[in-house]
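The structure under discussion appears below in the form of structure tokens.
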Amino acid sequence: MTSRAGIDVRPITESEFADWQRALNTGFLREPTLSEEILDTRRAQFTPGRSVGAFDGGRCVATFRSFAQELTVVGGATVPADAVTNVTVTATHRRRGLLTRMMAQDLAAAKERGDVVATLIAAEYPIYGRYGFGPATTAAEWTIDVPRAGLDPRRSGPEDGGRVDLVDAEDVRKLGPELHERLRRTQPGAVSRDELWWKVTTGAVRFHPAFQEPYYAVYRSAGGEVEGMVAYTADDNWGDTKQPLNTARVKWLTGVTPAAERALWLYLCSIDWVVKVRSGWRAPDDLLPHFLPDPRAAAVTTQADWLWVRILDVVRALRARTYEAAGSLVLEVADRAGLAGGRYRLEASADGAGVCVPTTGSADLTLDVAELAVLWLGDESAVRLAALGRVREERAGAARQADALLRTSRRPWCPDVF
């Protein structure tokens, strides 16, 4: 067994990209070897210095990648984020500190660059808390039983003067980016999408050999403005008595108005032969069930943690967002990695603006940097965390005051996986 000191952890070179991809696929239980065509396509994601590997005897045995991202915070401002992805450690090399070494290198570099937070989507829950990440958003998936929904089968389209049209991938690449920008300006937890994202999601660039082309539909308001878009697939499943049993599966649905969301969900439920609609990952307080005459026809299939956040700069993170009430709170933040710990005073004004500065004043709440991330986007309650022993009140009533300042009327949501 090779000692930890004998394993080299470092950014990969372009010539090591194929070996790194093999290790990545092995870690995610995918077919290890990729074709040269797919490898060449995936090189578009290679950024020198931000794809890291662990090498034992010349073979890559662990992978880690990060890329630049923007994250929307409460109030609509954005902060620069270090998006972490492609994290694997080969089964032969577990428990040797490889992830810890790769994570430490990446977070130190992110802090040096001036990123306010790091983000990731956790495949496994127990891993990332020890690195200061906390689950800052939740996502849910619904399955709609269409025959149960109570919809009028004679319905032919939106009743608000708008319309739903099928479009092609080229239209999505033209219309989608601006629509997503409109969404993420108002949705805490949303992240930026680059040009490559739109090419991959529409099949113009193919990272996987078995790409299934989706159908695309857009909703235009009565004034002709694109306010919503959906990508979905459908299976071909028929019962023994020649009854259709088909399911439409939403890959993503973007709506910048409730009217757009309603029109697109009702369109999906109106497609001939479709008896179930799987919503894909949505906000946990999504309006979807209440667009149906019978909300019970939309059953929650899955609900789980989604976007994890690691705060790297407490002052900038708390200054960036807005607040629900005026008030003052002193936070004692513990950070075992030494990146963001300290004592900070948050002053929120009646207009929602916040000022945060280091302080030597007495703390009101003591919490780990991971728990601060859980509270930061407004999804969790400090009172709940105190009951769980994850936040400690140093002043009676401080947790309730934190909720009054930090919680939001609608829950944060990240529409993306990365």
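The values are calculated or read from the model by the stated rules, or taken from the named source; none is laboratory data. Keep in mind that what you see is a predicted model, and the values were worked out from it rather than measured. Note that each Cβ is placed from the backbone with ideal geometry, even for glycine, and that neighbours are counted across all protein chains shown. Accessible surface areas use protein heavy atoms only, side chains included; no ligands, DNA or RNA. Shrake-Rupley method; radii C 1.70, N 1.55, O 1.52, S 1.80 Å.
Yes or no, residue by residue, for (1) of a type in the set (D, E, K, R); (2) buried (at least 19 other Cβ atoms within 10 Å of the Cβ); (3) closer than 24 Å to ALA118 by Cα; (4) free of Cβ contacts under 8 Å to residues at least 24 places away in the same chain:
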site: ALA325; (1), (2), (3), (4): no, no, no, no
site: ARG336; (1), (2), (3), (4): yes, no, yes, no
site: THR366; (1), (2), (3), (4): no, no, yes, no
site: VAL374; (1), (2), (3), (4): no, yes, yes, no
site: ALA387; (1), (2), (3), (4): no, no, no, yes
site: VAL391; (1), (2), (3), (4): no, yes, yes, no
site: ALA398; (1), (2), (3), (4): no, yes, no, no
site: ARG410; (1), (2), (3), (4): yes, no, yes, no
site: PRO415; (1), (2), (3), (4): no, yes, yes, no
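Restricting the search to region 169-207, which residues are of a type in the set (D, E, K, R), open to solvent by less than 40 Å² (accessible area, probe 1.4 Å) and in contact with a helix residue (DSSP H, G or I) (Cβ under 6 Å, 6 or more places away or on another chain)?
Passing the criteria: only ARG193.
Within region 224-239, can one find any residue that is aliphatic (A, V, I, L, M), crowded, with 16+ Cβ neighbours inside 10 Å and more than 30 Å from VAL73 (Cα to Cα)?
yes
Considering only residues of region 34-80 that are of a type in the set (A, V, I, L, M) and not in a strand (DSSP E or B), which is most open to solvent (accessible area, probe 1.4 Å)?
Restricting to residues being of a type in the set (A, V, I, L, M) and not in a strand (DSSP E or B), the top hit is ALA44.
Restricting to region 205-242, give me the number of residues that are among the hydrophobic types (A, V, I, L, M, F, W, C), assigned to a loop (DSSP other than H, G, I, E, B) and free of Cβ contacts under 8 Å to residues at least 60 places away in the same chain.
The total comes to 2.
What residue, among those in region 172-204 that are part of a loop (DSSP other than H, G, I, E, B) and hydroxyl-bearing (Ser, Thr, Tyr), is nearest to GLU261 (Cα to Cα)?
Filtering region 172-204 for residues that are part of a loop (DSSP other than H, G, I, E, B) and hydroxyl-bearing (Ser, Thr, Tyr), the one nearest to GLU261 (Cα to Cα) comes out as THR186.
Return yes when LEU307 is in contact with a Phe, Trp or Tyr (Cβ under 8 Å, 6 or more places away or on another chain), of a type in the set (A, V, I, L, M, F, W, C), touching a residue at least 40 places away in the same chain (Cβ under 8 Å) and open to solvent by less than 50 Å² (accessible area, probe 1.4 Å) and no when it is not.
Here the answer is no, as LEU307 does not meet what is asked.
Any residue in region 341-360 that is farther than 21 Å from GLU371 by Cβ and open to solvent by 60 Å² or more (accessible area, probe 1.4 Å) sitting within a Cβ distance under 6 Å of a residue that is among the charged types (D, E, K, R) and modelled with pLDDT of 95 or more? List the pairs, counting only those 6 or more apart or interchain.
VAL355/GLU347
State whether the residues of region 141-157 include one that is within 22 Å of ASP286 (Cα to Cα), of a type outside the set (Phe, Trp, Tyr) and modelled with pLDDT under 95.
Yes, that holds for at least one residue.
Kindly evaluate GLN212 against the criterion of being more than 30 Å from THR33 (Cβ to Cβ) and open to solvent by 60 Å² or more (accessible area, probe 1.4 Å).
no
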